[in-house]
Amino acid sequence: MRFLQLTKKFPYPPHDGESLLISNFNKILRGKIDTLDLLSFNTIKHYFDITGYPSEDNPYDNINEVYLDNRIKPIDAFFNIFSKIPYNISRFISKNFENKLSTVLMEKKYDFILMESVFLLPFVKVIRKYSNAKIILRSHNVEYEIWERIAKNSINIPLKLYTYYLAKRLKTYELNHINDIDILLTLTKRDLKKYTSNGYTGKSMIIPAGIITNKKPQEIILKDDLEISFLGSLDWMPNIEGLNWFIKNVWQKIIVDLPQSKLHIAGRNTPSTIYKIQNKNIFVHGEVPDSKMFLNSYPIMVVPLLSGGGMRLKIMEALALGRIIITTSIGIEGIDATEDQDVLIANTPEEFIAKIKFCHSNPGKLMQISKNAINLFQNKYNLNQIVDEFLKNIND
């Protein structure tokens, strides 16, 4: 089997959920197929010098890249109101990418084109013109739903209205073009139901995210100075939205009752606004070289996600390491975890405060939750089994 993978940003280093998912999946996939090539945007926002790609981490036979300045530009966003293509999608439309894709497809025959994200849907026509390969779209999130949730949570009225407008246009585009592909992959049953209930009629399958981890979990040990981590790409709006909400509505109250508590924040592209809040109770680490080592350093991880969708890879990492995860119902979507058994769920400031205080007062119970989390990961998210299921289903 010969695969060409298309990505909207270079999938290395694996410091965010999307890159982590792709990198882990590819390490297993490459050992089971004949060819795995890559054509990727290399964006100004997530630029990576591919000459620095370590050979031991590189699963590709051939790599092609197309540079893209995909920064959000207010003037372009305004004039996009008059375009048929939503701004979220138009930022990834590139003649250079189209030309490179056509060249690659004319030079080599592929059995499957694996597109990572709905943002690559504009290039389906090029694929159909130059290839007979089956087109697989892996939807990491139901994109329009993320924007609907961001709009719902916004308190800025002009931004709220514009975001709702973006979400509506993105939904129309996403659902109008989703049937242009041959096979749809979603990470969760819920996301697949969203697509099928909105008109997707083609072949589909649920391929949950899995990760590779050789890091041994650290024992859960709680001290009087409770240490909590937050880890996530801080250039992704749902992450920064959730973190700001947590600090304002939860953390400021926690340190009144538990003044020795510490919050450790790490994430790619941490904005200056987050660095400015650093104090004796908040430590900002920026982008960390090893996410697993960072998670392992603190017994509790918070994921205060208010928007977003799909499957949170950082939660998967934390499960594998037996961390105590406190997250929202949105954060745990797609992960088959049981509340108060494998994870702790909180959706309001009061519930987050109660769960954090529960952790402080019940160290013995946390040991069992930690063991349950590890068992859940090992039993349901084995990446070898996930890739085998994927290959079996696309060939049926």
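The residues of segment 235-265 that are over 18 Å from Gln278 (Cβ atoms), outside any helix (DSSP H, G or I) and of a type in the set (D, E, K, R) amount to a single one, Asp235.
Ser23 falls short on exactly one of the conditions (1) assigned to a loop (DSSP other than H, G, I, E, B); (2) under 16 Å from Met115 (Cα atoms), and that condition is (1).
Using the structure shown, decide if Lys108 is among the charged types (D, E, K, R), surrounded by fewer than 18 Cβ atoms within 10 Å (Cβ to Cβ) and either more than 23 Å from the chain's Cα centre (by Cα) or in the same structural domain as Glu241 (by TED's automatic domain parsing) (or both).
Taking the combined requirement at face value, the residue satisfies it.
Here is a yes/no grid of residues against (1) touching a residue at least 24 places away in the same chain (Cβ under 8 Å); (2) of a type in the set (Ser, Thr, Tyr); (3) in contact with a Leu (Cβ under 6 Å, 6 or more places away or on another chain):
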site	(1), (2), (3)
Ile207	yes, no, yes
Gly210	yes, no, yes
Asn214	no, no, no
Pro217	yes, no, yes
Ile228	yes, no, yes
Ile240	yes, no, yes
Leu243	yes, no, no
Asn249	yes, no, no
Gln252	no, no, no
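Does Ser139 satisfy the criteria of being in the same structural domain as Ile33 (by TED's automatic domain parsing), over 23 Å from the mean Cα position of the chain (by Cα) and polar (S, T, N, Q)? Against the criterion (in the same structural domain as Ile33 (by TED's automatic domain parsing), over 23 Å from the mean Cα position of the chain (by Cα) and polar (S, T, N, Q)), Ser139 does not qualify.
Looking at Lys189, Lys160, which one is without any contact (Cβ under 8 Å) to a residue 24 or more places away in the chain and surrounded by fewer than 18 Cβ atoms within 10 Å (Cβ to Cβ)? Working first, answer last.
Numbers: Lys189 fails: without any contact (Cβ under 8 Å) to a residue 24 or more places away in the chain.
Just one listed residue meets the conditions, Lys160.
The residues of segment 82-92 that are loosely packed, with under 11 Cβ neighbours inside 10 Å and not aromatic (Phe, Trp, Tyr) amount to a single one, Lys84.
Of the residues making up segment 233-265, those that are more than 26 Å from Asn362 (Cβ to Cβ) and in contact with a strand residue (DSSP E or B) (Cβ under 9 Å, 6 or more places away or on another chain) are Leu234, Asn239. Here Ala337 fits the description: at pLDDT 90 or above, of a type outside the set (Lys, Arg) and assigned to a loop (DSSP other than H, G, I, E, B). Residues of segment 40-75 that are among the charged types (D, E, K, R) and either surrounded by 15 or more Cβ atoms within 10 Å (Cβ to Cβ) or in contact (Cβ under 8 Å) with a residue 12 or more places away in the chain (or both): Lys45, Asp57, Asp61, Glu65, Asp69, Arg71.
Have a look at Ile89, Ile72 and point out the one that is part of a loop (DSSP other than H, G, I, E, B) and closer than 28 Å to Leu170 by Cα. After ruling out the rest, the residue left standing is Ile72. Here the condition is being outside any helix (DSSP H, G or I) and either on the phi < 0 side of the Ramachandran plot or hydrophobic (A, V, I, L, M, F, W, C) (or both); of Leu366, Leu344, it holds for Leu344 alone. Counted as qualifying within segment 270-321 are the helices (runs of 4 or more DSSP H) with 3 or more residues that are buried (at least 19 other Cβ atoms within 10 Å of the Cβ), namely 291-296, 313-320. Residue count for segment 31-59, restricted to those that are among the basic types (Lys, Arg) and in a loop (DSSP other than H, G, I, E, B): 1.
The residues of segment 368-386 that are of a type in the set (A, V, I, L, M) and closer than 29 Å to Lys248 by Cα, listed by number, are Ile369, Ala373. The requirement of being of a type in the set (Val, Ile, Thr) and closer than 17 Å to Glu227 by Cβ is fulfilled nowhere in segment 336-348; no residue meets it.
The values are calculated or read from the model by the stated rules, or taken from the named source; none is laboratory data. None of these values were measured; they are calculated from a predicted model. No Cβ is skipped: glycine too gets one built from the backbone with ideal geometry, and neighbour counts run over all protein chains shown.
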